[in-house]
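The values are calculated or read from the model by the stated rules, or taken from the named source; none is laboratory data. If you're wondering where the values come from, they're calculated on a predicted model, not measured in any experiment. In this analysis, Cβ positions are derived from the backbone assuming ideal geometry, glycine residues included, and neighbour counts consider all displayed protein chains.
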Amino acid sequence: MKLTPYWLDTAEPSGDYRRTPIPENVDVAVIGAGFTGVSAALELAKQGATVALLERHTVGWGASGRNGGMATTGLAIGFSTAVKRYGNTRAVEMFNEYNDAIDTVEKLVGDYGIDCNYSRYGKLSLAFHPSHYEGMLRSQELLATLADHHVRVIPKSEIHSEIGSDFYHGAMLDPMGAGLHVGKFVHGLAGAAANAGAFVCENAGVTELKRISGTVHDVHTTRGITRAKQVLVATSGYTGGITPWLQRRVIPVGSFIIVTEPLSDDVVNRILPNRRMASDSKMLTYYFRITPDNRLLFGGRARFALSSPDSDVKSGEILHKAMTELFPYLANTRVDYTWGGLVDLSMDQIVHAGIHDGVFYSLNYSGHGVQMATHMGKKMVQYMAGDETANVWRGIKNPPVPGHFGPPWFLPLIGAYAKVHDRFS
Ligand SMILES: Cc1cc2nc3c(=O)[nH]c(=O)nc-3n(C[C@H](O)[C@H](O)[C@H](O)COP(=O)(O)OP(=O)(O)OC[C@H]3O[C@@H](n4cnc5c(N)ncnc54)[C@H](O)[C@@H]3O)c2cc1C
């Protein structure tokens, strides 16, 4: 069994950027080469700016190469909660931004001819409890009335048309949800950015941001210093001590994935006959999909722990048990890959983007970043050029996590709460 992400193992990097020289001066230094960073670097280079994309490891090493490959509709908090919290107009604006974000992914794939198995497979949300199914019926109505967005709700009696499992109490299907091979996508974007003139610098961890004046910084890296007129932090769940203000606002939660051996068409047609992007309504959610080569990818917050080889193996075992609980006919199916990555939750599970102490940032995608991180990379370029309205998330309060100054000591407490919540919900 491989402990590397399936997506990175089955995608060709667009180049070896480990020795790209660090330029002395740039218009913009972008920190982190995930979707946010590569998308921003591509947009900046396309507009003629000089840009250094600085990545501690390699392109896509973070969550962008480790996720479920689902670019789906809707906010992490769900539409009904958004309406209650922010009111109708703002909730619709936020909801629509996710639809626009999928369009952004689709357009980039088309414009740059990125061969990454992108398709609108549809998103299947599965009700773990009868009350969650009732909530889906209410969401369906709310989405249609307020956002003119139309989804289908599937009762338990018809659920086998969508999933070969008796585990759930109904489902909601949104045909606009998409899926893609995220390894091929992130490498494709990085290649496009490099072709457009961006300095893609791998193996270039940023160690210090030294403010010169306003938004101008000396960006110290493990391979040299660049002076940047603007800095964009795109470090998501891997945000560290160079930006302590942001670090206190990111809860890095491990999410883990297993991928099976390739399955026969018959088995795939039984599991997910329409190849939807599926996730359930538990707090400790399971999410799963079929990969382009007919494997089942099955993920979840198996344990509230950070990712490490040991932790990934333990989580893989828990996920295998969960997978066979849902699909007992997979009991003897081999698992070929298991890995983990960090999801960047915030206190309110809303995206936070803006500027603090002269440094621009966009993060806190809370597990919904395949589309939104890609979109925000592009949007932040407009925002950094002075267009405030480009950033839908502006003005939302961004409180720090109490007592959080370094490693997230409180993860086991959140995990215990989530387990109890799922048991009694
Ligand atoms: C297991 C898992 C499953 C997920 N599934 C889905 C899904 O199906 N759908 C969905 O929409 N979202 C999903 N997500 C979330 C999504 O993957 C992320 O929101 C998104 O990839 C974030 O992209 P990013 O570019 O902001 O950050 P990342 O891709 O995390 O990139 C941040 C990069 O910053 C680099 N970095 C950090 N510090 C420094 C430094 N000091 N110097 C230089 N580089 C630095 C890191 O090495 C890293 O490569 C999932 C996440 C995980 C972990």
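Data for the structure
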{"read-out": "Checking Arg276 against (1) over 25 Å from the mean Cα position of the chain (by Cα); (2) of a type in the set (D, E, K, R); (3) over 18 Å from His57 (Cβ atoms), the condition it does not meet", "value": "(1)"}
{"read-out": "Criterion violated by Gly60 - all others in (1) modelled with pLDDT of 95 or more; (2) surrounded by fewer than 21 Cβ atoms within 10 Å (Cβ to Cβ); (3) not charged (D, E, K, R) satisfied", "value": "(2)"}
{"read-out": "Sole exception among (1) more than 15 Å from the ligand (Cβ to nearest atom); (2) under 29 Å from Gly78 (Cβ atoms) for Asn332, by number", "value": "(2)"}
{"read-out": "Wholly enclosed helices (runs of 4 or more DSSP H) of the stretch 3-110 bearing at least 2 residues of a type in the set (A, V, I, L, M, F, W, C) and near the ligand (Cβ under 10 Å from one of its atoms)", "value": "35-46"}
{"read-out": "Single match in Leu246, Leu232 (criterion: within 12 Å of the ligand (Cβ to nearest atom), modelled with pLDDT of 95 or more and assigned to a strand (DSSP E or B))", "value": "Leu232"}
{"read-out": "Test: residue in the stretch 83-90 that is crowded, with 24+ Cβ neighbours inside 10 Å and either basic (Lys, Arg) or within 19 Å of the chain's Cα centre (by Cα) (or both)", "value": "no"}
{"read-out": "Matching residues in the stretch 182-221 - criterion: being within 13 Å of the ligand (Cβ to nearest atom), touching a residue at least 60 places away in the same chain (Cβ under 8 Å), among the polar types (S, T, N, Q) and over 17 Å from Gly62 (Cα atoms)", "value": "Thr221"}
{"read-out": "Residue check, Thr239 of a type in the set (Ser, Thr, Tyr), within 13 Å of the ligand (Cβ to nearest atom) and free of Cβ contacts under 8 Å to residues at least 40 places away in the same chain", "value": "no"}
{"read-out": "All positions within the stretch 98-133 that are touching a His at 6+ places or on another chain (Cβ under 9 Å) and surrounded by fewer than 19 Cβ atoms within 10 Å (Cβ to Cβ)", "value": "Asn99, Asp100, Asp103, Asp115, Asn117, His129, Pro130, Ser131"}
{"read-out": "Only one of Ser308, Ser362, Ser366, Ser346 that is surrounded by fewer than 17 Cβ atoms within 10 Å (Cβ to Cβ) and farther than 18 Å from Leu263 by Cα", "value": "Ser308"}
{"read-out": "All positions within the stretch 336-387 that are in a strand (DSSP E or B), more than 8 Å from the ligand (Cβ to nearest atom) and on the phi < 0 side of the Ramachandran plot", "value": "Asp336, Tyr337, Thr338, Leu345, His352, Ala353, Ile355, His356, Val359, Phe360, Tyr361"}
{"read-out": "Some residue of the stretch 275-292 being under 22 Å from Lys2 (Cα atoms), in contact (Cβ under 8 Å) with a residue 12 or more places away in the chain and in a loop (DSSP other than H, G, I, E, B)", "value": "yes"}
{"read-out": "Pair list, Cβ < 6 Å and 6+ apart or interchain, from the stretch 37-59 residues that are polar (S, T, N, Q) to residues that are not in a helix (DSSP H, G or I)", "value": "Thr50/Val26; Thr50/Asp27; Thr58/Glu202"}
